[in-house]
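Worksheet for the structure shown next.
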Ligand SMILES: [Zn+2]
């Protein structure tokens, strides 16, 4: 069972845990096909729909079963030594408030906050061969621009990759809600689009919910992926809940939505917003040291890249080494 970094909100419930399974070869092949069409968010949704088996609102500790005492059992001393390690095990946790109907799950995965969707996708792909969780990276020193390659060097027996198993999963604390409140350092002014140039609207604050996978898919459909800034604004627009404390509807978003984010004057406001959105998830900051000038800085490990690489490598055997049947092991179901 996996604790979700940000819970999924559906109806009046928050789902905080999920069960996952390994992808079937069919799910892998279809996900790969969608990825090759460049539909990154659709691809994650399809993948999660095929590999998530349950959502739970919470967990509780399983009550220990009473130990059956059987007097005819052989040597009690030997038995006791056998049971000692068991007693040390933490109590098993079981999920409550379960949803495990595949149809419902396929509908619900779209409502996962993006950070959670990414977390699940990575945990699922990593299950296929958990020992291969090294993530290569090429990092640029911010001081001298020297490039630092973190990779596996088999010949010299050196491995400087980062490993998924060492990366923290940072979860939103229960007392926080699913909203992000922002006060703009300079208000956004919307003026009439004519010679009068009159002030029509002035916005000082806004509120977003964590953008969901469906928000991302909608934005991807509307503006494509080429212009990442535009895509980002469009995602924020989908997730926008209120401005100046007033709820906004689809009509408002249609008129002002794109303009609102494009008109934010202080770029630091959007930097702050993206930091708030990135607070929870798989922690990807890693300290790197430049071998040339000794500068130490925090670089971001490309875990999204890890997902796509793993998808590629694990769906048809090794890339570039394809022959019929190479991707299918006899054990897999
Ligand atoms: Zn350097």
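It is to be established whether one or more residues within the range 6-29 are in contact (Cβ under 8 Å) with a residue 12 or more places away in the chain, touching a strand residue (DSSP E or B) at 6+ places or on another chain (Cβ under 6 Å), over 17 Å from residue 107 (Cα atoms) and buried (at least 22 other Cβ atoms within 10 Å of the Cβ).
Yes, because at least one residue in the range 6-29 is in contact (Cβ under 8 Å) with a residue 12 or more places away in the chain, touching a strand residue (DSSP E or B) at 6+ places or on another chain (Cβ under 6 Å), over 17 Å from residue 107 (Cα atoms) and buried (at least 22 other Cβ atoms within 10 Å of the Cβ).
Taking the condition in contact with a helix residue (DSSP H, G or I) (Cβ under 7 Å, 6 or more places away or on another chain) and surrounded by 13 or more Cβ atoms within 10 Å (Cβ to Cβ), does residue 170 pass?
no
The rows are residues; the columns are (1) in a helix (DSSP H, G or I); (2) away from the ligand (no atom under 16 Å from the Cβ); (3) crowded, with 18+ Cβ neighbours inside 10 Å.
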{"residue": "257", "(1), (2), (3)": "yes, yes, yes"}
{"residue": "262", "(1), (2), (3)": "yes, yes, no"}
{"residue": "265", "(1), (2), (3)": "no, yes, no"}
{"residue": "272", "(1), (2), (3)": "yes, yes, no"}
{"residue": "275", "(1), (2), (3)": "yes, yes, no"}
{"residue": "291", "(1), (2), (3)": "no, no, no"}
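Filter the range 133-150 down to the residues that are surrounded by 15 or more Cβ atoms within 10 Å (Cβ to Cβ) and assigned to a loop (DSSP other than H, G, I, E, B), then identify the one that is nearest to the chain's Cα centre (by Cα).
Among those that are surrounded by 15 or more Cβ atoms within 10 Å (Cβ to Cβ) and assigned to a loop (DSSP other than H, G, I, E, B), it is 133.
The rows are residues; the columns are (1) more than 16 Å from the ligand (Cβ to nearest atom); (2) modelled with pLDDT under 90; (3) over 21 Å from residue 264 (Cβ atoms).
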{"residue": "141", "(1), (2), (3)": "no, no, yes"}
{"residue": "168", "(1), (2), (3)": "yes, no, yes"}
{"residue": "175", "(1), (2), (3)": "yes, no, yes"}
{"residue": "180", "(1), (2), (3)": "yes, no, no"}
{"residue": "184", "(1), (2), (3)": "yes, no, no"}
{"residue": "187", "(1), (2), (3)": "yes, no, no"}
{"residue": "194", "(1), (2), (3)": "yes, yes, yes"}
{"residue": "208", "(1), (2), (3)": "yes, no, no"}
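What number of residues within the range 35-45 are over 18 Å from the mean Cα position of the chain (by Cα) and either closer than 29 Å to residue 98 by Cβ or surrounded by 17 or more Cβ atoms within 10 Å (Cβ to Cβ) (or both)?
Total meeting the criteria: 0.
When you scan the range 225-255, how many residues do you find that are within 18 Å of residue 179 (Cβ to Cβ), under 27 Å from the mean Cα position of the chain (by Cα) and part of a helix (DSSP H, G or I)?
6
Filter the range 114-132 down to the residues that are touching a residue at least 24 places away in the same chain (Cβ under 8 Å) and out of contact with any helix residue (DSSP H, G or I) (no Cβ under 8 Å at 6 or more places or on another chain), then identify the one that is surrounded by the fewest Cβ atoms within 10 Å (Cβ to Cβ).
127
Filter the range 259-288 for residues that are over 18 Å from the mean Cα position of the chain (by Cα) and in contact (Cβ under 8 Å) with a residue 60 or more places away in the chain and give the result.
Answer for the range 259-288, where residues must be over 18 Å from the mean Cα position of the chain (by Cα) and in contact (Cβ under 8 Å) with a residue 60 or more places away in the chain: 259, 260, 263, 264, 265, 266, 268, 269, 272, 288.
The values are calculated or read from the model by the stated rules, or taken from the named source; none is laboratory data. Source: prediction; values computed, not measured. FYI the Cβ positions are ideal-geometry reconstructions off the backbone, even for glycines, and counts take in every protein chain you see.
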